[in-house]
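The values are calculated or read from the model by the stated rules, or taken from the named source; none is laboratory data. None of these values were measured; they are calculated from a predicted model. Here the Cβ is made from the backbone with ideal geometry for all residues, glycine too, and neighbour counts use every protein chain on show. Heavy atoms of the whole protein, side chains included, go into the accessibility calculation; ligands, DNA and RNA do not. Shrake-Rupley method; radii C 1.70, N 1.55, O 1.52, S 1.80 Å.
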Amino acid sequence: MKLAKRVTVLSPSSTLAITAKANEMKRQGIDVVSFGAGEPDFNTPLHIIEAAEKAMREGKTKYTATAGIPELLQAICDKYEKEYGVTYNTKQAIVTNGGKHALYNLFMALLDPGDEVIVPIPYWVSYPEMVKVADGVPVYIEGKEDNQFKITAEQVKEAITPRTRALIINSPSNPTGSIYSRKELEEIVDVCLSNNVLMVSDEIYEKLIYDGHEHVTVASLSKEAYENTIIVNGMSKPYSMTGWRMGYALGNEKLIRAMVDLSSHSTSNPTSFSQYGALAALTGPQEPLEMMKTEFVKRRDRVVELLNDIEGITCLKPEGAFYVFPNVKQAIEKQGYANVDEWSKALLEQQKVALIPGSGFGASENIRISYATSMEQLEKGIARIKQFVEGTN
Ligand SMILES: *Cc1c(COP(=O)(O)O)cnc(C)c1O
């Protein structure tokens with residue numbers, strides 16, 4: 001079967017490959033500790049489930065407007081107004097089948113063949129692939145570990161060409177958990193604005209920020225920044241609603257309308273009753289989120305401490321999201337593995353710990369560990385990693 005070029009340029013997801021192997025081992029009854037999860041391990045809060053259930057019973061099971069129900073669009077606009085002082089009307093908003101879908105429609109609506117999108121390394125696995133599917137070209141700049149994996153305005157400037165359309169900003173970041181300060185963003189915004197580069201701000205981890213740090217949305221930095229930013233966000237991470245497929249985007253009306261047009265001929269509206277759940281999530285009690293955060297902080301602190309106690313591994317303490325991105329270069333060399341993929345594979349085979357090699361995020365010296373799993377599993381898994389790196393087997 002001859003396939004379209006569009007799909008043959010896709011790289012298979014390294015994340016999925018290792019997860020599939022871990023699941024296969026689990027099926028065979030092997031006690032695998034899995035740090036691969038990209039989703040919170042808590043249930044969706046009950047009041048959200050009840051709101052969706054009520055919607056279904058009331059017959060809200062039909063098509064909705066493609067862009068989403070007006071109440072939810074308004075709640076999204078209200079949230080950004082209240083929390084960040086940025087004003088959007090509902091025509092500048094779209095509800096999508098997850099944040100991923102918002103990003104996909106965005107690149108499809110924005111890029112012509114050969115248009116470039118600057119993608120900071122380490123990147124979320126889907127960014128480069130989505131850009132490629134939309135016939136765009138990902139241009140990489142590397143966030144150095146000694147700058148907490150963050151890129152600088154200077155690097156953005158150097159990467160800009162006449163074909164540059166957009167820069168992706170993901171703060172807090174998956175996979176590093178790093179967050180950008182107001183000052184860092186101001187510098188980056190300046191460069192983007194003087195070069196007519198759109199900022200795509202993926203704010204899906206915006207609520208998962210610790211130690212009193214604040215989230216800054218680039219759209220709030222100036223009127224020009226507002227006009228040149230598309231915000232992407234969603235319910236998956238803050239409200240533990242990954243399976244509900246609820247995301248959204250806010251920004252330039254013309255671009256958002258093009259995204260709605262794309263949806264109208266592909267997915268149509270996002271799931272009707274999920275939207276009522278999302279509405280309850282945004283407008284209802286926020287205590288479940290606080291509980292989740294408290295738990296994540298405890299785990300993060302413990303995980304960072306335990307990892308730094310392993311000879312050959314160093315781990316920065318991230319300020320957001322639910323991942324750590326330790327450097328395992330010394331361990332790989334000491335143990336004589338060719339690269340981080342081989343190292344991760346051996347770890348899974350020998351010590352039954354599944355994690356994601358950094359290569360999938362463009363970083364060859366690191367691994368991603370998700371701490372969206374119980375403290376007991378975290379301690380057990382990291383003890384196994386210690387055994388793998390320091391032990392005699
Ligand atoms: C999880 C995630 C998303 C979107 O997930 P959805 O479930 O599609 O909303 C977007 N960006 C990053 C960086 C993520 O980790």
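Some points to look at:
- Of all the listed residues (ALA166, ALA159), the sole one being more than 16 Å from the ligand (Cβ to nearest atom), closer than 27 Å to ILE356 by Cβ and among the aliphatic types (A, V, I, L, M) is ALA159.
- Residue within the range 28-37 that is more than 16 Å from the ligand (Cβ to nearest atom), part of a loop (DSSP other than H, G, I, E, B) and on the phi > 0 side of the Ramachandran plot present: yes
- Here GLY114 passes the criteria (1) without any contact (Cβ under 8 Å) to a residue 40 or more places away in the chain; (2) in a loop (DSSP other than H, G, I, E, B); (3) under 26 Å from the mean Cα position of the chain (by Cα) except the one numbered (1).
- Boolean, TYR248 is within 16 Å of the ligand (Cβ to nearest atom) and in a strand (DSSP E or B): yes
- The set of residues in the range 185-230 that are assigned to a helix (DSSP H, G or I), away from the ligand (no atom under 16 Å from the Cβ), of a type in the set (Val, Ile, Thr) and buried (at least 22 other Cβ atoms within 10 Å of the Cβ) comprises ILE188, VAL189.
- For the criterion of being assigned by TED's automatic domain parsing to the domain that holds GLY247, without any contact (Cβ under 8 Å) to a residue 40 or more places away in the chain, away from the ligand (no atom under 16 Å from the Cβ) and under 19 Å from SER126 (Cα atoms), ILE141 passes.
- Residue in the range 302-320 that is under 17 Å from the mean Cα position of the chain (by Cα) and assigned to a strand (DSSP E or B) present: yes
- Within the range 115-138, the set of residues being in contact with a Ser or Thr (Cβ under 9 Å, 6 or more places away or on another chain), open to solvent by less than 30 Å² (accessible area, probe 1.4 Å) and away from the ligand (no atom under 13 Å from the Cβ) comprises ASP115, VAL117, ILE118.
- In the range 89-114, the residues that are hydrophobic (A, V, I, L, M, F, W, C) and within 16 Å of the ligand (Cβ to nearest atom): ALA93, ILE94, VAL95, ALA102, LEU103, LEU106, PHE107, MET108
- Some residue of the range 9-17 being within 29 Å of HIS215 (Cβ to Cβ), touching a strand residue (DSSP E or B) at 6+ places or on another chain (Cβ under 9 Å), surrounded by 14 or more Cβ atoms within 10 Å (Cβ to Cβ) and touching a residue at least 24 places away in the same chain (Cβ under 8 Å): yes
- Residues that are open to solvent by 10 Å² or more (accessible area, probe 1.4 Å) and not basic (Lys, Arg) within the range 367-388 comprise THR373, SER374, MET375, GLU376, GLN377, GLU379, ALA383, GLN387, listed in sequence order.
- Matching residues in the range 44-70 - criterion: being within 16 Å of the ligand (Cβ to nearest atom) and either on the phi > 0 side of the Ramachandran plot or open to solvent by 70 Å² or more (accessible area, probe 1.4 Å) (or both): GLY68
- Residue pairs whose Cβ atoms lie under 7 Å apart, sitting 6 or more positions apart in sequence or on different chains, and linking a residue in the range 88-104 that is under 11 Å from THR267 (Cβ atoms) and open to solvent by less than 20 Å² (accessible area, probe 1.4 Å) to a partner that is of a type in the set (D, E, K, R) and within 15 Å of the ligand (Cβ to nearest atom), are GLY98/ARG245.
- Counted residues, the range 79-101 - those being touching a Phe, Trp or Tyr at 6+ places or on another chain (Cβ under 9 Å) and over 20 Å from ALA280 (Cβ atoms): 3
This table checks each residue for (1) part of a helix (DSSP H, G or I); (2) out of contact with any helix residue (DSSP H, G or I) (no Cβ under 6 Å at 6 or more places or on another chain); (3) under 20 Å from LEU46 (Cα atoms).
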position: SER266; (1), (2), (3): no, yes, no
position: GLN275; (1), (2), (3): yes, no, yes
position: LYS334; (1), (2), (3): yes, yes, no
position: TRP343; (1), (2), (3): yes, no, no
